[in-house]
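Here's the structure we're looking at; comments come further down.
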Amino acid sequence: MTRVILKYAASIILILIALGTLGFALSPMGRAIGLVGVAMLVLLAIWCGGLVWFLHFRQRASPVARRWVAVVLLAFLPLLIAAWSNLHRLENFIEHRDWLTYESDHFVFHYAPAYSRQSEIAAYAARHDAAFEYNCNYLGVTLNNKVSFYVYDELAEGFAVPEWNEISADDDQSVGHEMTHIIAFHIAGERQKIKLIDEGVATWLNHSRRVTDHHQAAWEYIQEHDLFPLAELAHNKTFRRQRLQPYYPAASFVGYLIENYGLDAFRQLWTANAKYPEIYTTLEDFGGIQYFPFIPGERAHFTATVREIYSRPLGELDAEWRTWLEERYGQQR
């Protein structure tokens, strides 16, 4: 019996490790789970233990006990799945339940009672409303629901959760970046799979006070760094591997496409790659795509859609864009 218990205990631990890894991979922005998530994993471990007992030792219990255990096991799992699917909402509520709010035309701002710039929140909201209206109009998107915006004095890295219409950001972050992730999400109603255009459009419309010419910033980046070809940057791991992530080149390329080939073509490109199945992306992230030859891969899918929509290969558009930057800014060297 000891051997059986140890064997199934080991199985439970492996299941929990696999679920925790999957939960981390699928959580918004790949953020680690908090205490609520850990509690859910503990409950799942208890459920797994109950299932092991039911499968192997149920004959030792009375029929009534077996019936009730079976009912609890069956009812508990869907409840846990529902809770896990709303894990971020639960953790968000617990973390911010005592925060204050300020509502503007397009946002509901949340900030801590000790937030140091409470007196500036109205002006902060007005800047975001103006940028939001401009970006929606630019991308041809209409949003009816207000965005929940959690404002921090200091936050290492801002992020957006488009599926939940939610932003968390440092109050010094550029006004438009995170909101554009949410606005662009509504072009297709799906999260964008290609960072090159996802971060590109968010940076192109970030309303930065520090960088006013994204094309020039991209050209300077190219002079200072060895920028990979865009066909390689279309692979998300390559995009992240660039020593300084190429947000400004991505922004410039997106802006170049929209300015020279029109918004409709860009929206088609966005939609085609946002609709790329999430399960394919997950398999690719975990290195399992080679076992499924019918999955084209994010980069191959992206380059194919570029050729289909723009009637030319990505490499040709890449060279054209770089030449344009050189002609426009090269004389400044």
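The values are calculated or read from the model by the stated rules, or taken from the named source; none is laboratory data. Everything numeric in this text was worked out from a predicted model, so none of it was measured. Every residue, glycine as well, gets a Cβ built from its backbone with ideal geometry; the counts of neighbours run over all protein chains shown.
Annotations for the structure displayed:
- Check on ASN165, surrounded by fewer than 18 Cβ atoms within 10 Å (Cβ to Cβ), among the polar types (S, T, N, Q) and more than 19 Å from ARG209 (Cα to Cα): no
- Among the candidates VAL201, VAL175, the residue that is surrounded by fewer than 23 Cβ atoms within 10 Å (Cβ to Cβ), hydrophobic (A, V, I, L, M, F, W, C) and in contact with a helix residue (DSSP H, G or I) (Cβ under 7 Å, 6 or more places away or on another chain) is uniquely VAL175.
- Yes/no for ALA265 being modelled with pLDDT of 95 or more, within 21 Å of the chain's Cα centre (by Cα) and more than 14 Å from ASP318 (Cβ to Cβ): no
- Options HIS96, HIS88: the member that is at pLDDT 70 or above and either within 19 Å of GLU166 (Cα to Cα) or of a type in the set (Asp, Glu) (or both): HIS96
- Some residue of segment 93-105 being assigned to a strand (DSSP E or B) and either crowded, with 19+ Cβ neighbours inside 10 Å or at positive phi (or both): no
- Only one of the numbered conditions (1) within 14 Å of ILE197 (Cβ to Cβ); (2) not in a loop (DSSP other than H, G, I, E, B) is violated by GLU326, and that is (1).
- Output for segment 221-244, where each listed residue is farther than 28 Å from THR281 by Cα, in contact (Cβ under 8 Å) with a residue 40 or more places away in the chain and of a type outside the set (Val, Ile, Thr): GLN223
- The set of residues in segment 109-153 that are under 24 Å from PHE93 (Cα atoms), surrounded by fewer than 17 Cβ atoms within 10 Å (Cβ to Cβ) and of a type in the set (A, V, I, L, M, F, W, C) comprises ALA112, ALA114, ALA122, LEU143.
For (1) in contact with a helix residue (DSSP H, G or I) (Cβ under 7 Å, 6 or more places away or on another chain); (2) part of a helix (DSSP H, G or I); (3) at pLDDT 85 or above, each residue gets a yes or a no:
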{"site": "ALA251", "(1), (2), (3)": "yes, yes, yes"}
{"site": "LEU283", "(1), (2), (3)": "yes, yes, no"}
{"site": "PRO293", "(1), (2), (3)": "no, no, no"}
{"site": "HIS301", "(1), (2), (3)": "yes, yes, yes"}
{"site": "ALA319", "(1), (2), (3)": "no, yes, yes"}
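- Residue in segment 224-238 that is within 30 Å of TYR111 (Cβ to Cβ) and either at pLDDT below 95 or crowded, with 23+ Cβ neighbours inside 10 Å (or both) present: no
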